[in-house]
Amino acid sequence: MIIRKAETSDVSKLYTLEKELFSIKNYPLSRGSFAYHVRNNLLYIAEIDGNIAGYVLVLIKRTNAKLYSIGISKEYRGKKIAEKLWKVIYKDLISLDFKLFILEVRIYNEVAISLYKKVGFNVVKVLKSFYRDGCDAYLMELEYAGETL
Ligand SMILES: CC(C)(COP(=O)(O)OP(=O)(O)OC[C@H]1O[C@@H](n2cnc3c(N)ncnc32)[C@H](O)[C@@H]1OP(=O)(O)O)[C@@H](O)C(=O)NCCC(=O)NCCS
């Protein structure tokens, strides 16, 4: 498995994966959004035999970095790929001097919440009716305190 920064040439495959991962009601990213994020944010992919097994997208903000989306294709789940993707991008973000990491997650997405807790995020707030369909979100945060990675 190779973990690397996504490039413009990966956008079509990323969009195909996105449609597998997120139904319309979960607002999948468009092809254009992926193209934008490749240029303006941090988007890493896990590549296995030329296939994109998964991706992680972090939005670069002024005071923090937001874990915006992470997804692994069904056939590759449960193999710690999401955890590895996060660890690689997290290390790079630390070297870019980011200290505060945030994310929002649907309160019923237990698998994702478990992953986020495992890598060190904590719930700091419930955001009522955060999503357009009325679902609440947890705001989760992770602060880097200088520990060895
Ligand atoms: C969430 C997701 C990215 C996890 O990917 P994955 O590669 O299968 O996860 P990993 O194998 O790296 O697992 C890491 C941790 O996540 C949690 N986890 C993963 N699969 C789980 C499951 N089926 N049930 C409960 N917890 C689970 C566990 O804490 C796990 O650690 P453990 O194996 O030591 O218990 C994947 O399920 C997915 O793509 N889901 C659909 C998209 C999504 O909801 N993304 C998050 C919102 S943007």
Next on the checklist: What number results when the radius of gyration of the chain, computed over Cα atoms, is divided by 2.2 N^0.38 Å?
Outcome noted: 1.00
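Show me the helices of the chain, taken as full DSSP H stretches, that run 20 Å or more along their long axis by Cα and average -1.0 or above in Kyte-Doolittle hydropathy.
81-95
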Checklist entry - Of all the accessible heavy-atom surface of the chain, with the other protein chains kept in place and a 1.4 Å probe, what percent is carbon and sulfur? => result 51
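I'd like the Kirkwood hydrodynamic radius of segment 6-53, using the inverse of the mean 1/r over distinct C-alpha pairs, in Å.
11.0
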Item to check | Contour excess over end-to-end distance, with Cα ends at Tyr108 and Thr8 and 0.36 nm allotted per residue | outcome: 32.7 nm
Item to check | For segment 1-77 versus segment 105-149, the gap between their alpha-carbon centres in whole angstrom | outcome: 19
Checklist outcome for this item: Under 5 Å from the placed amide H of Leu42, counting only residues 5+ away or on other chains, we find Val58, Ile60
Checklist entry - What's the extension gain from Ser30 to Asp92 if we count 0.36 nm per residue and subtract their Cα-Cα distance? => result 19.8 nm
Checklist entry - When Rg is the radius of gyration of the Cα atoms in segment 96-140 and Rh is its Kirkwood radius, what does Rg/Rh come to? => result 1.02
Checklist outcome for this item: The pairs in Lys91/Lys118; Lys25/Lys61; Lys19/Lys74 lying past 21 Å Cα-Cα in this model are Lys25/Lys61
Checklist entry - Stretched out fully, how many nm does the piece from Glu83 to Asp133 gain, at 0.36 nm a residue minus the Cα gap? => result 15.2 nm
Item to check | Total charge dipole magnitude, segment 2-52, about the Cα centre, Cβ charges on Lys, Arg, Asp, Glu only, Debye to nearest 20 | outcome: 200
Next on the checklist: Please check: in the Gaussian network model of the chain (C-alpha springs, under 10 Å), which one of Phe121, Phe34, Phe130 has the largest mean-square fluctuation.
Outcome noted: Phe130
Checklist entry - How many Å² of accessible area per residue for the chain, probe 1.4 Å? => result 58
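The values are calculated or read from the model by the stated rules, or taken from the named source; none is laboratory data. Just so it is clear, the model here is predicted, and its values are computed rather than measured. Heads up, the Cβs are rebuilt from the backbone with ideal geometry, glycines too, and the neighbour counts pull from every protein chain shown. What goes into the accessible areas is simple: the full protein's heavy atoms, side chains included, and nothing from ligands, DNA or RNA. Shrake-Rupley method; radii C 1.70, N 1.55, O 1.52, S 1.80 Å.
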